[in-house]
Amino acid sequence: MTAEEWIDRFAALIGEEPLSATTRAELLELAATAAHASERIAAPIACYLAGRTGRPVAELAELATSVH
């Protein structure tokens, strides 16, 4: 099973719409920024926090680059 298939199936199980290719790319950018600026464990938690805000992922990915 590919990552995309797994994510789409998980989204369906939790009652969410599948993510667009753009949103997936933005989330991966955010995760990469968090992981490379800190420790790998920062990536999933940063994505979780981003999801809780309801703000555009691209905006939050940009903000993540300013964390020092």
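Read-outs throughout are calculated quantities, based only on the coordinates presented, and are distinct from any laboratory measurement. Since the model is a prediction, treat every value here as computed from it, not as a measurement. So basically every Cβ, Gly included, is an ideal-geometry build from the backbone, and we count neighbours across all protein chains shown.
Go through (i) 13.9; (ii) 12.5; (iii) 12.0 and flag the label whose value is the computed Kirkwood radius over Cα pairs in Å for this structure.
Among (i) 13.9; (ii) 12.5; (iii) 12.0, the one derived from this structure is (ii).
Using each residue's phi in segment 40-51, evaluate 6.51 cos²θ - 1.76 cosθ + 1.60 at θ = phi - 60° and report the 3J(HN,Hα) Karplus result to the nearest Hz, with x for Gly and Pro.
Values, residue by residue: 4, 5, 5, 4, x, 6, 4, 5, 4, 4, 4, x Hz.
When the Karplus curve 6.51 cos²θ - 1.76 cosθ + 1.60 is applied with θ = phi - 60°, which whole-Hz ³J(HN,Hα) does each residue of segment 54-64 get, with x for Gly and Pro?
x, 7, x, 4, 4, 4, 5, 4, 5, 4, 4
Identify which of 46, 12, 32 has the largest mean-square fluctuation in a Gaussian network model of the chain, with springs joining Cα atoms closer than 10 Å.
12
Put a dot 7 Å past each Cα toward the Cβ at residue 41 and residue 24; how far apart are the dots in nm?
2.9 nm
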